Amino acid sequence: MPLEVELVSADSRVWSGEAREVIARTTEGDMGVLPGHAPVLAVLAKGEVRILTEGQEVVATVEDGFLSVEHDRVTVVSDSAALTDGSTTG
């Protein structure tokens with residue numbers, strides 16, 4: 001079962017869709033999320049969020065914010081988030 005992922009900035013939805021893994025930098029270090037992950041709320045650090053879908057990697061740069069995981073749903077909320085070159089909106 002895939003993850004349902006939503007990446008939003010203060011003023012827009014940057015990307016949403018299904019993924020097999022999400023990797024984000026938090027204040028505690030890098031964190032990977034796979035289906036079945038325990039619920040968690042983590043504080044984002046400035047850096048990249050990588051969303052691995054079937055056959056694609058979506059990469060976004062983010063500023064401060066948070067990452068929430070619950071019931072195979074991952075929500076990334078950042079003050080500022082933008083897809084890097086080569087990534088597409090979902």
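What number goes with the only condition from (1) without any contact (Cβ under 8 Å) to a residue 24 or more places away in the chain; (2) surrounded by 15 or more Cβ atoms within 10 Å (Cβ to Cβ); (3) among the polar types (S, T, N, Q) that Ser9 does not pass?
Among (1) without any contact (Cβ under 8 Å) to a residue 24 or more places away in the chain; (2) surrounded by 15 or more Cβ atoms within 10 Å (Cβ to Cβ); (3) among the polar types (S, T, N, Q), the lone unmet condition for Ser9 is (1).
Which numbered condition trips up Ala42, out of (1) within 17 Å of Arg20 (Cβ to Cβ); (2) at pLDDT 95 or above; (3) touching a Phe, Trp or Tyr at 6+ places or on another chain (Cβ under 9 Å); (4) not β-branched (Val, Ile, Thr)?
Failing condition for Ala42: (1).
Looking only at residues in the range 37-90 that are among the charged types (D, E, K, R) and under 15 Å from Val5 (Cβ atoms), which one is surrounded by the fewest Cβ atoms within 10 Å (Cβ to Cβ)? Let's see the steps before the verdict.
Just the residues of the range 37-90 that are among the charged types (D, E, K, R), to begin with: 46, 48, 50, 54, 57, 63-64, 70, 72-73, 79, 85.
Keeping just the survivors that are under 15 Å from Val5 (Cβ atoms) gives 48, 50, 54, 57, 70, 72-73.
Details: Glu48: 13, Arg50: 19, Glu54: 8, Glu57: 13, Glu70: 12, Asp72: 16, Arg73: 12.
Checked the range 37-90; the qualifying residue surrounded by the fewest Cβ atoms within 10 Å (Cβ to Cβ) is Glu54.
Given (1) at pLDDT 95 or above; (2) over 12 Å from the mean Cα position of the chain (by Cα), where does Val22 come up short, assuming only one miss?
Tallying (1) at pLDDT 95 or above; (2) over 12 Å from the mean Cα position of the chain (by Cα), Val22 fails exactly one: (2).
The values are calculated or read from the model by the stated rules, or taken from the named source; none is laboratory data. If you're wondering where the values come from, they're calculated on a predicted model, not measured in any experiment. No Cβ is skipped: glycine too gets one built from the backbone with ideal geometry, and neighbour counts run over all protein chains shown.
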